[in-house]
Every structure is written in C-alpha cells, then in structure tokens.
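Trainee: Sharing a structure, written as structure tokens. Questions coming.
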Amino acid sequence: MAALIAFQDVCKYYRMGDGTVTAADHISFAITRGEFTAIVGSSGSGKSTCMNIIGCLDVPSAGTYRLNGRDVGQMNRNQLAEIRNELLGFIFQQYNLLPKLNLLENVEVPLMYAGVPRGERRERARAALEQLGLGDKWRHKPMELSGGQQQRVSIARALVGKPSVILADEPTGALDSRTGREVLAILQDLHAQGHTVVLITHDNTIAVQAQRIIRLEDGRVVYDGPASAPEAVVTPRAAGLPGGGGV
Amino acid sequence: MSIAESLALALKNIVSSKVRTLLTMLGIIIGVAAVIVIVGLGNGLENYVAGSFSSMGANTLTVTVMPRGATRTLETEDMYAIVAEHPEELALCSPTVSLAGGVKIGAGTTSTSAAGVSEDYSSIYHSLVSQGRDLQYSDIATRAKVCVVGAYVNQAYFGGNAVGQTLRVGGQALTIVGVLEQQESPMEEGGSDDCLYLPYSTAARLGGSRVSSYVVTMVDEARLEQSKQVLESALSGFFGSDDYYTIISMSELLDAMTGTISLLVGVLAGIAAISLVVGGIGIMNIMLVSVTERTREIGVRKSLGAKERSIMAQFVMEAAVTSALGGVIGIGLGYLLSAVAATVAARLMGEALTVSPGLFAVLAAFGISAGIGVLFGYLPATKAARLNPIDALHYD
C-alpha cells in the first residue's frame, strides 16, 4: 500500500538576516494509512517545520512531499487550502476555536469552506459533536467550556470533514494531565477506528502513546521506529530520560 | 463559500461589536443624511419656485427698461402702442411698479406686498374680485388713491369688511375699493393672498419714478419664441439699440431659477458627499485594525481550508455591509431631518415646502455607500487574504 504521507529528502531553509537557517535537513519518512505516529523533538528540532509541511501550511524548499500521492511542493496557495480542507484535520494546542461562533458553527467551518450545503453541514457537525460527547452543548460559545471540552470541540472540527490525516500539534500542551490523558485516549480511539493520526509533541511521555515515533533533532531524523523500543525515547544528547512512563 | 454565507458571517461580526460598528458607520450616516436633506430641500425649493411662478402666469413676458442712458424714453403709452400693433402675438399689457416699505394698516406695518398695476392685471393673473370693484381705467387716468387687496389682508386686518376702509402705502392713504378672491388654501402671511394692488400711475408718483417694468401676455404660450421676437424687434426699433431693455419670459425665468437652485444643490450635495469619502476612510481604518485583531482567526480559517478568495470575500463583505447599513441609517436620518426641515421651513416661510429627496437620491445614496464599503474594504481584505497561515496561527 502506497504511503499516505511521503517525505523524500525534504529540506526547509529560512532566511535570517544575512544567513540561512536549515530547519529541515533531508528528512525522509513515509506514513501509511491507519498509522498513529508521533513526531517528537525539542524546540528547534524542526518538528514545527515538519508539522507545517505535513499540514500543507508550508512547502519544502527542496525535496518532495507527497500527500495521498499528490506532490504538495508544486501547489499554489489556493490548491494548498483545498488540500487542507479535504485531507487534513488540525488539532491545535490552543484549540483555536473561533470565539464568536457557537460550538456547532465552529465545527461547521471546514464544511462551509468545502461548499457543503447548510442542512447537511448542520447534521454532520451535530453528529461530530455528539461523537465527542458535546451534542447537548452545541449552542454554547467556546469560552463557556473547560479546556478539555474545547479541545474535544476542536477534535470534532478536525473530524467533521472526514480527513485522511488527523494532525495534532501538542494537543495536550494546554491541559492538565488528567484531561490530557482523556484527549490522548480520544486520539487512540480514532486510531483504533482506522484514522491516520500524526501527533507532534516535545513530550516523550505523550509521544509513547503513539504506535510509532519519529524523533527529530537539528532538522534531522534521529530515530524512526516503534514507540515501544527503548531507544525511541532516548536521544543521543539527552540520554537517560525516563521513557514509557505510565501516562 | 456563497455570497449568502459571506453576508451571514459579516452580519454576525457586525452584530457582535455594535458600538464599534456604529462609530465606524457614523461618517457614512452623516454623509448620506446630509446629501438626502440637501437634495430634498433643493427639490422642495424647486417645486416651490415652480409653483409660485406658475401662479404668476406662465404666458407672460416681463419687460424691464433701463432707467437711463437711452436717448428716447419709453412712456407707458408707447408700450401700449407696441402691444396693440401686434395683436397676433401679444394680448394684454400692464405696467408694474413695486413699492417697498410695507403697508400701514392702523398703527402697524404689515409684510403685504404692494404693486402698482393697470386695470388689466386681474385678467393677466386670472384673479377675480369677490367684494367691491376692480381697478378701472379711470383710476389709472386720475391717479386715484384707491387699491384692491388680497383675501388675506381683508380677513386678517379688516375682519372681512375691507371695502371702504383705508390703509397707507408710502405715506399715502388709499381707499380699499375691492377684495380679490382667495388664491390658495390655507391663506398665510406672505402668501399670494397677502397682496395689494393700486393704479400704476398712483404708485409711480408715490415711488417718485418712471414706470420701468411691464408685464405683457402672449396670445399663445406655445409661441414663446415668436412672441418674444416680435416684442424684441419693436423695442429695439424704438430705442434704436437693444442695450436699454430686457425681456424675460416667466418660463425662462423659472428655468434660470431652477437651474441656479440645481447648481447650488449639486455643489452642496457634493460637499456633503466628501463626508462619505471621509466615512469610507474611517471604515478602511477600522477594517485594517480588525484584520490585525483577527489575525489568528484568519490563520485558523486558512488552516481549515479557507482560500484567499473566501477571506477576501469575508472582509470586503463586512466593509460593504457596514457601509451599506450606515447608508440605510443615513437615509432614515435624512428623511427624519427632511421632515424637521419641512416643518421649520413652513414656520419661517409661512408656506408649505414639501421636502422630497426622491427615490433616485435614496437609491444613489445606498449604492454609493455600499460601493464605498467595497472600495475601502478592498485594501484591508487584501491584507487579510495574503496573511501567511503559519504566522497568523501563532499571532498573539
């Protein structure tokens, strides 16, 4: 089966003053449909760059990125927007719900940009909210909810468009550990239902909840393998970090 | 995303910040209201002028003779002779002498307008005498100290029994011999029923001047050009030059006056319209602030699949709706102020002035304000649409 996400020697350079900074240095990996992958790395490791490229928010400076067989690097901004709408579901650290809209309207947003008619949109958004256990709260505004509930709304929003990839950027970063665990459990459920989940985090204890870990350092892949392997959480630089801790 | 959805989104954002939206719209509201009121007043004034001119007779020509300079003097007899020579074009003639200084009735001075005329004036102005008698040729010939008064004067100052009473014009006591029929309803001070006519010969003596103005009626109103031409050539033949008189037809005068009013209204409305531009700049300013404030929202929308076109549409729509809404409020306010202006005008002029902006002005005001929104919303919307989604997502 062809890879859903295929990075081939992806490089990303940023111009900084006089010089250039290499944020991604020949990164290659492939993620197949149905995998639950964590991309782990400390700040400056290139994981944000990776996430931006996977999320079609940015394009590689060199190398190719194929999403579902389509070369994203060659696309213009509008095509990228279309790809984001069709194939990707984002979950952000800060939830990023639109404060003026109620929960239902928030979940409807991706469908609106997909051109789904109003009636169907309502129905699907309602179903997605119900799936996340917030069906009865659809009239509320995001600010009236707890952090965990807001994150569940944002998961509903990510799921409503039936995307190929769920891209979660530090989804537990703003939550206490108990709600964080709940959110991770939801992601694991989604994986169990057959969704492809990519989790971006700096936290090993979160990362090990995934099936597979891709560890980045200084823009390079330093580990790519099962999350259960001991070396998955041990970095050459920061050896001795406790791994596989019960989260 | 459809236009209806952009519209719904724009309304939602507008409703969620009412005070700011209202302040943003203020420039547009004031501009539109000002244009509506000015155009309305202008239209009302034009109608008023047209109305009062038509009551003066649209088939008349006014001849004004320069008081000095010419080698020959045009006596009233000469003018009558000219009119009599051209019965195919010209019908009646009356010298007119207006007297300034007001009319004294008892101890008070009134605003009644007094004019010296011939016995034909009542035919010229289609006014009939309801009490007493009209002015007669003998009154003119003898410079009789008599006058006829309008129905208002009769009613207001003499309790309906004016005939036989006296009043004073320019220090001269005149006996009222007749009362004219009521011209308009209701009668008002300063209106066409607040008038007084005396023999022109008497008036000329009171004013101490020669008759210099005549009203001549045409046989056929439709033959304005020909009739005027006949009078023109007769007068220029008399003076040997066309420098010493002017002939103005009522309809030309009306055209000239309405033209002047239109021009004035146009200039004033143009000045008021500057406020629309200022209002548009205000909208642009707020929209730019709004784009900055909502950078994160834009980032989120983009990450969820909004194309540049959709973001653009959202912001342009918001500016256009804000501006158009301001236009609608401005139209409402304009009508309200027009009604107030009409009331005030009625008080001041003693004359009903219909202040009617007209459908065209209203539609134009609405269209222009919406257009201003689109125009001035374009720049902020472009800024929003071009935002880089990554930067926008991480904006605080």
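Trainee: Just checking, how many residues over the range A:57-79 are at the interface with chain B (Cβ under 9 Å from one of its Cβ atoms) and buried (at least 17 other Cβ atoms within 10 Å of the Cβ)?
Mentor: The total comes to 2.
Trainee: Okay, next question. Any idea how many residues of the range A:81-120 are in a helix (DSSP H, G or I), more than 9 Å from every other protein chain (Cβ to nearest Cβ), surrounded by 16 or more Cβ atoms within 10 Å (Cβ to Cβ) and out of contact with any Lys or Arg (no Cβ under 8 Å at 6 or more places or on another chain)?
Mentor: Here the count works out to 1.
Trainee: Shifting gears a bit: When you look at B:Y395, is it of a type in the set (F, W, Y) and within 14 Å of another protein chain (Cβ to nearest Cβ), yes or no?
Mentor: So B:Y395 passes the test.
Trainee: Go through B:L22, B:L7, B:L11, B:L41 for me and flag whichever is surrounded by fewer than 18 Cβ atoms within 10 Å (Cβ to Cβ) and within 33 Å of the chain's Cα centre (by Cα).
Mentor: Selected residue: B:L22, the only one of B:L22, B:L7, B:L11, B:L41 that is surrounded by fewer than 18 Cβ atoms within 10 Å (Cβ to Cβ) and within 33 Å of the chain's Cα centre (by Cα).
Trainee: So, in the range B:351-396, exactly how many residues are outside any helix (DSSP H, G or I), in contact (Cβ under 8 Å) with a residue 24 or more places away in the chain and over 15 Å from the mean Cα position of the chain (by Cα)?
Mentor: 4
Trainee: Next question. Could you look through the range B:1-31, keep only residues that are among the polar types (S, T, N, Q) and outside any loop (DSSP other than H, G, I, E, B), and pick out the one that is farthest from the other protein chains (Cβ to nearest Cβ)?
Mentor: Among them, the one singled out is B:T24.
Trainee: Could you list, ordered by first residue, the pairs with Cβ atoms under 6 Å in which the first is in the range B:290-304 and surrounded by fewer than 21 Cβ atoms within 10 Å (Cβ to Cβ) and the second is small (G, A, S) and part of a helix (DSSP H, G or I), at least 6 apart or interchain?
Mentor: B:T295/B:A392
Trainee: Select, from B:A91, B:A34, B:A81, the only residue that is surrounded by 16 or more Cβ atoms within 10 Å (Cβ to Cβ), away from chain A (no Cβ under 14 Å), in a helix (DSSP H, G or I) and not charged (D, E, K, R).
Mentor: Of the residues listed, the single one that is surrounded by 16 or more Cβ atoms within 10 Å (Cβ to Cβ), away from chain A (no Cβ under 14 Å), in a helix (DSSP H, G or I) and not charged (D, E, K, R) is B:A34.
Trainee: Follow-up. Among the residues of the range A:36-56, write down those that are within 27 Å of A:A192 (Cβ to Cβ) and either in a loop (DSSP other than H, G, I, E, B) or more than 14 Å from chain B (Cβ to nearest Cβ) (or both).
Mentor: A:F36, A:T37, A:A38, A:I39, A:V40, A:G41, A:G55, A:C56
Trainee: In the range B:281-311, which residue that is more than 52 Å from the chain's Cα centre (by Cα) and not in a helix (DSSP H, G or I) is nearest to the other protein chains (Cβ to nearest Cβ)?
Mentor: B:G305
Trainee: Taking the range B:197-231 as the search range and keeping residues that are among the acidic types (D, E) and assigned to a helix (DSSP H, G or I), which one is modelled with the lowest pLDDT?
Mentor: Across the range B:197-231, the extreme among qualifying residues is B:E221.
Trainee: Moving on to the next point. Do we have any residue at all in the range B:373-384 that's assigned by TED's automatic domain parsing to the domain that holds B:G266 and closer than 30 Å to A:S164 by Cβ?
Mentor: yes
Trainee: Answer yes if at least one residue in the range B:77-95 is under 31 Å from the mean Cα position of the chain (by Cα) and either under 22 Å from B:R168 (Cα atoms) or free of Cβ contacts under 8 Å to residues at least 60 places away in the same chain (or both), and no otherwise.
Mentor: yes
Trainee: Those residues that are touching a residue at least 40 places away in the same chain (Cβ under 8 Å) and more than 34 Å from the chain's Cα centre (by Cα), I need them from the range B:143-166; list them, please.
Mentor: Of everything in the range B:143-166, those that are touching a residue at least 40 places away in the same chain (Cβ under 8 Å) and more than 34 Å from the chain's Cα centre (by Cα) turn out to be B:R143, B:A144, B:K145, B:V146.
Trainee: Further, regarding this structure: Anything in the range A:39-88 that is of a type in the set (K, R) and either closer than 21 Å to A:G115 by Cβ or touching a Ser or Thr at 6+ places or on another chain (Cβ under 9 Å) (or both)? List them, or say none.
Mentor: Of everything in the range A:39-88, those that are of a type in the set (K, R) and either closer than 21 Å to A:G115 by Cβ or touching a Ser or Thr at 6+ places or on another chain (Cβ under 9 Å) (or both) turn out to be A:K47, A:R70, A:R77, A:R84.
Trainee: Select, from B:S227, B:S249, the only residue that is more than 24 Å from the chain's Cα centre (by Cα) and surrounded by 18 or more Cβ atoms within 10 Å (Cβ to Cβ).
Mentor: Every option except B:S227 fails the conditions.
Trainee: Considering B:I368, B:I390, B:I331, which residue is in contact with an Asp or Glu (Cβ under 7 Å, 6 or more places away or on another chain) and either surrounded by 19 or more Cβ atoms within 10 Å (Cβ to Cβ) or within 14 Å of chain A (Cβ to nearest Cβ) (or both)?
Mentor: After applying the criteria, what remains is B:I390.
Residue by residue, here is whether (1) of a type outside the set (D, E); (2) modelled with pLDDT under 85; (3) not in a loop (DSSP other than H, G, I, E, B) holds:
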residue: B:P87; (1), (2), (3): yes, no, no
residue: B:G101; (1), (2), (3): yes, yes, no
residue: B:A114; (1), (2), (3): yes, no, yes
residue: B:D139; (1), (2), (3): no, no, yes
residue: B:Q155; (1), (2), (3): yes, no, yes
residue: B:I176; (1), (2), (3): yes, no, yes
residue: B:S185; (1), (2), (3): yes, yes, no
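The values are calculated or read from the model by the stated rules, or taken from the named source; none is laboratory data. What you see is a predicted model, and the numbers here were worked out from it, not measured in a lab. Reconstructed Cβ throughout: ideal geometry from the backbone, glycine too, with neighbour counts over all protein chains shown.
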